[in-house]
């Protein structure tokens, strides 16, 4: 079969991006920043900025959301600062800054109030880590409690001083009893 | 680094059915009938003593959550599928524990262990959306007409502790 | 895409809640988060209007608070460590404490708490030391109970990633182990080689165990050479002696808060005092590189001359010219290979 067909892409940047551990990472293990949850859970969201236009129709949902729901949310989450920033002729957006220094932006153009509320709450519940394909559903601190198996763990010590090939290690093992073994075990009384 | 496991009870007593004699030479002797009740009580007692004596032992548990079985210990992270009816920061207890084990013992439930014996505490650390995956149907010699980028919701739990108390029958 | 707008008072309020101490007044927070260099800033010196929010609130810096906070953090952390590592010597506890409370660790914690955005300082971006100092200053303004919570909530989880063998690397662990075991009544301590594999290969492994009185296995580990393996086994034995094994968990959160940590204020025993006077209890010096370049060339030549001669090369490597069908350009279909332009001058 031929090689992978080459696609016209900015190869050096794409390759570099795949290797970078920032933003463009495609798959990674499950991670949570700052050992959150081990001793205490702290909400990783620090501040949220809602940018909207006072005039345009695309910001209607955001404007309604600010009017109706934002104060209540702010009251329930005192550790998050919420900014509402009117910007003329702009697309409405929600920007969130997290403890690990990353900023997320959601474009809220033409969203209804409920959609904005949904995305707002999603930002509150995220941890700021980038969205990646997970290599595994779990990640653990301690790999094994009862000890990991290595080829050496149950190696018989007799093997240490033997030079292979050795007859006793070359025997074929089977669960079936041979005639000799049967007689040895069940001695006639 | 290798660590030697000390078995506080003999290999056969750890299993809760009648023991089969194991050795390097193959045997197929008849199963022996033993006094199950007495041996079970002994095993439970020794496990209880060990658990009560060393409160700082690292235990692992196999829990059944969201249709899957997970082997968890202190400090592990678990990614559950779906937007579960939990808020971020909620502390929960995982009830369905199938097995608990320490460095020197393993305790299996049939099928579950009593939740008073073992407690697996967790905290909801994050609720997020997963990496968008392409869902499409492609038939040979046809163009792929429907491309859906699907992104599921997920909940991440941090297992705070796995602790065990005295084991009762 | 940064957020240039910020309301300092709101940020402080939110920060107070985030760190778990909303009752502390704004003025105290501002004092703790003000660096000495702040007052040297050009715009603050000239008292430019709205130079920095909070300029009118605080006129003091956090120098004194940093010292105070550093002490208090250390006291609580050591108490926590002494409870969990009850049998370890005070030198190990000091090592762990100084590692966890160094600038790098504290700056990391401070960053995740959002302190970097709140500190008032001349430098931009904020230096690691200023960030760490701000965190220490916070410990200076909190009550004793709150400092304990601060340590348990933010500093102690870092212990999860610490390798206790590396944090207190003794230069001669076997000698120290011998002394400590002799103090417990053991007469004979000897390292024994349990297993070895691949002695002449690039990755040899030797498994060594230390036996006490020819009977008990006190520590076992693997290494690339026999000396390294003995060292590692001795370290493992010391950790086992001090009950610092991976099958013991540390108490976090509520479990830790319910422990009476105040009772562990007395320092543990000192290793230098417990060992014999001649024993070397110093730590490994990481500043000097262990291998000189000559050894590297020697190792490569040894591999080429001795190991390769014995082990040999694989079939496909020996007959590389036969197994190679060409470069990627040659192996692909012509229409898939983008022609490479050559300039002709």
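Derivation of every value follows stated rules applied to the coordinates shown; laboratory data play no part. All of these numbers come straight from a predicted model, not from anything done at the bench. Here the Cβ positions follow ideal geometry from the backbone for every residue, glycine too, while neighbour counts run over all protein chains shown.
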Whole-angstrom Cα spans of region C:118-187 along principal axes, big to small: 61, 30, 19
Residue C:274 paired with residue C:94, simple spin-label distance in nm, labels 7 Å along Cα-to-beta-carbon: 1.5 nm
Counting DSSP beta bridges with both ends in chain A, the antiparallel % (nearest 5): 60 percent
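How much FRET efficiency would the formula 1/(1 + (r/R0)^6) give for residue C:167 and residue C:243, where r is the Cβ-Cβ distance and R0 is 22 Å, rounded to 0.05? Spell out each step's value before the answer.
Details: r = 16 Å, r/R0 = 0.72.
With a Förster radius of 22 Å, E is 0.90.
Can you check how the C-alpha radius of gyration of chain C compares to 2.2 N^0.38 Å, as a plain ratio?
Numbers: Rg = 29.0 Å, N = 345, 2.2 N^0.38 = 20.3 Å.
Ratio of Rg to 2.2 N^0.38 Å for chain C: 1.43.
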Distance from region B:99-123 to region C:200-216 (C-alpha centre basis), Å: 36 Å
Share of alpha-carbon pairs per 10 Å distance bin for the protein assembly as shown, given as whole %: 2, 10, 16, 20, 20, 16, 10, 4, 1, 0, 0, 0
Tilt relative to chain A, helix A:113-125 - C-alpha long axis, 0 to 90 degrees, to 10: 50 degrees
Cα long-axis angle, helix C:173-183 against chain C (0 to 90 degrees, to the nearest 10): 80 degrees
Rough spin-label spacing in nm, given labels placed 7 Å along Cα→Cβ, for residue C:44 and residue C:215: 6.8 nm
Over region A:75-127, volume per residue of the alpha carbon convex hull, in Å³: 96 Å³
Region C:293-336: Cα Rg divided by the 2.2 N^0.38 Å rule of thumb: 1.86
Sum of -39500 (n - 2.57) over DSSP H runs of 4+, divided by residues of chain C (222 nm, nearest 500): -12500 deg cm²/dmol
If the convex hull is drawn through the Cα atoms of region C:232-327, its volume per residue in Å³: 330 Å³
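Tell me the mean residue ellipticity at 222 nm calculated for chain A from its helices only (DSSP H runs of n ≥ 4, each -39500 (n - 2.57), averaged over every residue, nearest 500). Write out the running numbers ahead of the final one.
On the way: 6 runs with 49 residues, N = 189.
Estimated from H runs of four or more residues: -7000 deg cm²/dmol.
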Relative contact order of chain A, pairs being alpha-carbon contacts under 8 Å that are 6 or more residues apart, as %: 25 percent
Inter-part distance where region C:298-345 and region C:93-107 are each reduced to a Cα centre, Å: 49 Å
log₁₀ of I(q)/I(0) at q = 0.14 Å⁻¹ - region C:78-176, Debye sum with one point per alpha carbon: -0.61
Förster radius 30 Å - calculated FRET efficiency between residue A:77 and residue C:160 (Cβ-Cβ, nearest 0.05): 0.65
Cα Rg, Dmax, region C:24-142, angstrom units: 16.3, 59
Approximate shape of chain A as ellipsoid semi-axes (Cα gyration tensor, √5λ), whole Å, largest first: 63, 25, 16
Where only alpha carbons of region A:37-129 are counted, the Rg and the Dmax (Å): 13.3, 47
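Over region C:8-162, what is the relative contact order in whole percent, taking alpha-carbon pairs under 8 Å and six or more residues apart? Don't skip to the answer; put the middle values down first.
Numbers: 186 pairs, mean separation 54.3, N = 155.
RCO, region C:8-162: 35 percent.
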FRET efficiency estimate (nearest 0.05) - Cβ-Cβ, residue C:123 to residue C:286, R0 35 angstrom: 0.75
Helix C:128-141 vs. chain C, principal-axis angle (Cα, 0 to 90°, nearest 10): 50 degrees
